[in-house]
Structures are given as structure tokens and as C-alpha cells.
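A single structure is presented below for examination.
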Ligand SMILES: [Zn+2]
């Protein structure tokens, strides 16, 4: 019995690790999701692990940011009401069922019902490119134009606007039901939500990622819009993930002040920390990428025995942290660093002995204590 319980826990841990991975992959990408929008889920047997409401995707961690639910309770309710018009009575009942189905956590996303009937791995996003189309009056025409093949293959579906929650979930259930067999045969399914966003679901987590990237590329090509600078966050993070910094994300900064300062700088002169917060948030030095990204990151890690918090590549600047909110804190501190640098003629950087002292000084470390969970 004890052994069985242990195995269950291990299985759950693997699942949650997958949920974290998917959530971080998409959560760092401004081109795919903004603020605390969207959600991610994984289903196994009769349970669903789903991001909790109020968290941003990149904040999902092993120990927080998600809820666990009885998925069968959700699908039973959905199938029972699928032929009814969703009125306030059904809406109220849906909140009750959602609450009643919770095994762990307290605030599952309102889109939980929509996830309940889909494949094992599901991600809901608000991508820039697909939403440029989805809010257009001609969205249906454009959609049919871009995806004629995928539509006939039962890979992508156009879902009319419905209020997020049970009304949207009912619309999705009814829309997909006639294509059930086809959807089961395909590796993934994508739902284009009018005036809202995208849902992608797959039996395989790698396929989920590929499928989203593939679909988004088609929207971007159609619009002739270039979102490379946001996608580069994935490139930075992938190198770090391979170095076992699994829980980090990268964030692309579009702060004008910061970018203007950088343009006029001799970058080699901004390398040293000027105060304790500069060291704490931005690390001992920013990484200025010259040549191949991977090689640069690896030699940084070798030199400083930690990952770079600030990555400058050409005209672009990225911040690396456990989640997007933390990355924005680094952005603040690094901007202040550039102010100090810009308005002072001569600088007095922290000396190596000060840096060493701070690095091993617990009161300083404790200010970021929950960051240290992510260090190797
Ligand atoms: Zn949404």
C-alpha cells in the first residue's frame, strides 16, 4: 500500500513537472500570452491538473499555481446540459459543479470546463497574431482562407464568440461532437475562439508545442508580421533548460528608456554592479552576446557559476528569472543601473571583496529567498 502511494506521488510529480514545463514555455512569450491570461492543463484518468485563476502561466511551479479536479464530474455536467441554452441558472450550477470537483487548490480557471473534454495536454492562449484576425469583422473569411486544409482534416475549428466559462465550453462541446472520430485520430486539435484566443490540445506535450508554433506561423505569414524578438525568449530559455535551470523563463524588454540608454552605451562599461541590489537582481554582470548564443551562455555559467539575469543581444535586451513578474523586477533594477551609469562621470563599482561578501551574506540572500529554490 505504501509503495502504491509512493508511486502515485511520483506519477503526480512527473505530471506537474510537465505542466510547469508547458506553462513556462508559453508563459514567457508575449506574442502568445499577456498578463495572467490563458491557462494550461493535463488530464490523467479522471483527474485534471490546471493552472489556477490569477496566476500567470510562467508562475506555475511544482508547489503552487495549479488546482487538481475530478474531470469526470465536469464532463458529466457538460454532456448533461449540452442541449440547453446557457442561462444564469446553468451558469450558477456550473460554478457549483466546478467547486465541487476540486480535489486540491481553490481557484481553478473559469475555462476548466473547456479543457475537460479535450485531449491530455491543453493550452489556452491569447496570441497577438491570431487575435489580430479574431477581432476582425472578416475573421471567418480570413480563417477559411488561411486554414482550408487543416479545416477539412479536422485539425482546426472556428468557435463563435461566447462568454468565457460554461457558455464557451457548451459551444465547443456541441461544435466538436460531430467530428469526434476525426479528432481522436489526429495528434492535436486547435480551436480558434472568435474575439478571444486559441485553445490547442494534444496527446503529446512536444506535439502541443509544435502545433501551436506551426499554427501561429501561418497567422503571422498571412499578416506579414514579424514577432521574432519575442520568440527569441524560447531560444535563451532552451539553452538554460538544457543546463538544468529548468524553471527559468526569459522576458523581452521593450522599455524605451532602457533601450535608449543601451543604444548610446559602450556596453563593456556597464558590466560591474554599482550597488547591492544591482548584484542581487542583475547578477555580477550582464551577458553581452557576441557570436553563438549557446556558447556565450555556457561560458557565462562557467565563469560566474550561475545563469545570466540580463542578456543583451544586438539591440535587444532580455531578462531571465523564474517567472515574468520576477523578470520585470530585474528590468527595474537594471534600468536604475543604467541611470547611475549615464549621469555620473566616474563610477565606483562594488569591489570583488564586496561582491564576495554579499554573495555569501544571508540577510541579502533572504530577500530573494524563494528564488533560491530554482538554483541548481
Ligand atoms: Zn482566454
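The values are calculated or read from the model by the stated rules, or taken from the named source; none is laboratory data. As the structure is a prediction and not an experimental result, all values here were calculated from the model. Virtual Cβ from ideal backbone geometry, glycine too; neighbours counted across all protein chains shown.
Just the residues that are within 16 Å of the ligand (Cβ to nearest atom), under 19 Å from the mean Cα position of the chain (by Cα) and outside any strand (DSSP E or B), please, taken from segment 168-214.
Residues satisfying the conditions are 196, 212.
Testing residue 162 on (1) under 12 Å from residue 194 (Cβ atoms); (2) more than 16 Å from the ligand (Cβ to nearest atom); (3) part of a loop (DSSP other than H, G, I, E, B), one condition comes back false. Which one is that?
(2)
Please name all residue pairs, on different chains or six or more residues apart, with Cβ atoms under 7 Å, provided the first residue is in segment 116-127 and is closer than 11 Å to residue 205 by Cβ and modelled with pLDDT of 95 or more and the second residue is more than 11 Å from the ligand (Cβ to nearest atom) and in a helix (DSSP H, G or I).
Matching pairs, first to second residue: 121/22; 121/205; 121/208; 122/115; 123/22; 123/26; 123/208; 123/212.
Going through segment 242-293 one residue at a time, which ones are part of a helix (DSSP H, G or I), touching a residue at least 40 places away in the same chain (Cβ under 8 Å) and under 29 Å from residue 26 (Cβ atoms)?
257, 258, 259, 262, 280, 281, 282, 293
Condition check ((1) touching a helix residue (DSSP H, G or I) at 6+ places or on another chain (Cβ under 8 Å); (2) closer than 30 Å to residue 28 by Cα) across all residues:
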{"position": "107", "(1), (2)": "no, yes"}
{"position": "121", "(1), (2)": "yes, yes"}
{"position": "141", "(1), (2)": "no, no"}
{"position": "144", "(1), (2)": "yes, yes"}
{"position": "158", "(1), (2)": "yes, yes"}
{"position": "169", "(1), (2)": "yes, yes"}
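Let me ask you something else. Can you go through 99, 21, 43, 93 and tell me which one is assigned to a helix (DSSP H, G or I), more than 16 Å from the ligand (Cβ to nearest atom), assigned by TED's automatic domain parsing to the domain that holds residue 132 and in contact (Cβ under 8 Å) with a residue 60 or more places away in the chain?
One residue alone meets the criteria, 21.
Given 334, 304, which one is over 27 Å from the mean Cα position of the chain (by Cα), farther than 22 Å from residue 61 by Cβ and at pLDDT 95 or above?
Residue meeting the stated conditions: 304.
How many residues, within segment 53-72, are out of contact with any helix residue (DSSP H, G or I) (no Cβ under 8 Å at 6 or more places or on another chain) and under 13 Å from residue 20 (Cβ atoms)?
Matching residues across segment 53-72 total 3.
Continuing with this model, one more query. Could you count how many residues in segment 144-158 are surrounded by 11 or more Cβ atoms within 10 Å (Cβ to Cβ), out of contact with any strand residue (DSSP E or B) (no Cβ under 6 Å at 6 or more places or on another chain) and either free of Cβ contacts under 8 Å to residues at least 40 places away in the same chain or outside any helix (DSSP H, G or I) (or both)?
Number of matching residues: 5.
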